[in-house]
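Below: the structure, in structure tokens.
Computed from the coordinates by the stated procedures, all read-outs in this text should not be read as laboratory data. Predicted model, so just to flag it, every value in this text is computed and none were measured. Every residue, glycine as well, gets a Cβ built from its backbone with ideal geometry; the counts of neighbours run over all protein chains shown.
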Amino acid sequence: LRDNTPVRYDNHRECWDVFRYEDVQYVLKNPKLFSSERDRANASMLTTDPPKHKQLRDLVNQAFTPKAIEALAPRIQEIADELLSPHFSEGRMRLIDDLATPLPVIVIAELIGVPATDRQKFKDWSDALVKGARDDSDEAFQELMEEKKRNQQELASYFTAIMEERRQRPEGDLISILLAAEIEGEKLTAEEVVGFCILLLAAGNETTTNLITNAVRILSEQPELQQQLREHPELIPTAVEETLRYYPPIVAIGRIAKENVELNGQTIQAGEQVISWVGSANRDSAQFDQAEKFVPDRKPNRHMGFGFGIHFCLGAPLARLEARVVLQTMLRQMEDIQLVPETVLQPIQSAFVFGVKEYPI
Ligand code: HEM
């Protein structure tokens, strides 16, 4: 596809597909030509264009700088130890259910300011937010959507209650920061604060679950890599980056053309959908040497696993840190990480997400 039809129209899905690194980058770095705007009523930073986008992003940027995030390392280590230790004596665990799903949920809950006592309730809602992608449910689609809506409403009223508490007694958490924040002299509305929290859950949880799982998957597929990283743990951060290139949790990013645009010999009309295939760009040999090989110390590594341009993932420092802590801990404490034999991997049913439903090790 990269060689023969680098930009093509898909008649069935009625959208353009873009496969080459250079073209994907062009789409993502030109928000004037390729818009992120969807449903205006539910606009979040992910689905707004400049100048509104920058205002929304600036509000939370300070909570997500690499420095602010690095301060969370000891707590993330504690959570990882707590989740991993019950499984050491047994020698077996369900990577996704036991570790890769709960870890990001607990971290984000604490960052937002959800009390520890509500953690289970919170996890249930959070799981339900991504339901449909991960479950083999044969419920009617309509029913699933209804349930999702109910769930979002419950979550919204839960966040609203916490917000009221923090209005009285601010703390150092993200909800308190958002309540104090202003855009052009105006405070955020309650809906905007709640919308922010839900965005963080929706954008950050399943993606991080899949990053952790995809990283462990490579380690179990390539045992010599485990040995190399045990001997050289300083390579773990670049190995995490290489996972984002090689097995990216998000493989495609959607935009809408705002004007007629010429791209690699094709004319995209204003209003048409454009899908940037990050998963393909990340394997483009015009950009990466040995593109089909997992190179744990690859440098530079300009993968687009976190996107590119103004919408570059806000949570990237957090996702990187969580993956790093998990890999360091697992490699240190587990002698040999293997997928349980005879396991048939089931891909998550989504064109945009790359991951599996279960990964017993
Ligand atoms: C944006 C991937 C983790 C919050 C993005 C985008 C990608 C991405 C590809 C760009 C979307 C676009 O251009 O339309 C990932 C991956 C993750 C991850 C692969 C884990 C490995 C997180 C976490 C959080 C988060 C942990 C928050 C706690 C966001 C937000 C945006 C975003 C808020 C929108 C930024 C903007 O529009 O300016 N992410 N993400 N992500 N991500 Fe992540």
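Overview of results
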read-out	value
Cα-based equivalent ellipsoid, segment 180-251: semi-axes from gyration tensor eigenvalues, Å	38, 13, 9
D_trans [Stokes-Einstein, Kirkwood Rh over alpha-carbon pairs] for the chain, 4 °C, 1.567 mPa s, µm² s⁻¹	60
Inter-centroid distance (Cα atoms) of segment 215-259 relative to segment 274-352, Å	3
Taking 343, 207 and counting other C-beta atoms within 10 Å, the order from fewest to most	343, 207
Rg followed by Dmax, in Å, when segment 205-361 is reduced to its Cα trace	17.2, 56
Links that overshoot a 28 Å alpha carbon limit, given the list 32/148; 67/121; 52/357; 67/299; 29/52; 52/258	32/148; 67/121; 52/357
Segment 244-281: GluC sites (Glu not before Pro) falling in loop per DSSP and having at most 16 other Cβ within 10 Å	259, 272
Sorted peptide list for 193-205, 49-61, 305-317, criterion being average Cβ within 10 angstrom, highest first	193-205, 305-317, 49-61
Cα coordinate range in segment 117-245, projected on the principal axes (Å, largest first)	54, 42, 31
Burial ordering of 258, 293, fewest other beta-carbon atoms within 10 Å first	293, 258
Estimated 222 nm signal from helices in the chain, with DSSP H stretches of n ≥ 4 weighted -39500 (n - 2.57), rounded to 500	-14500 deg cm²/dmol
Residue order, fewest to most surrounding Cβ atoms within 10 angstrom, among 304, 163	163, 304
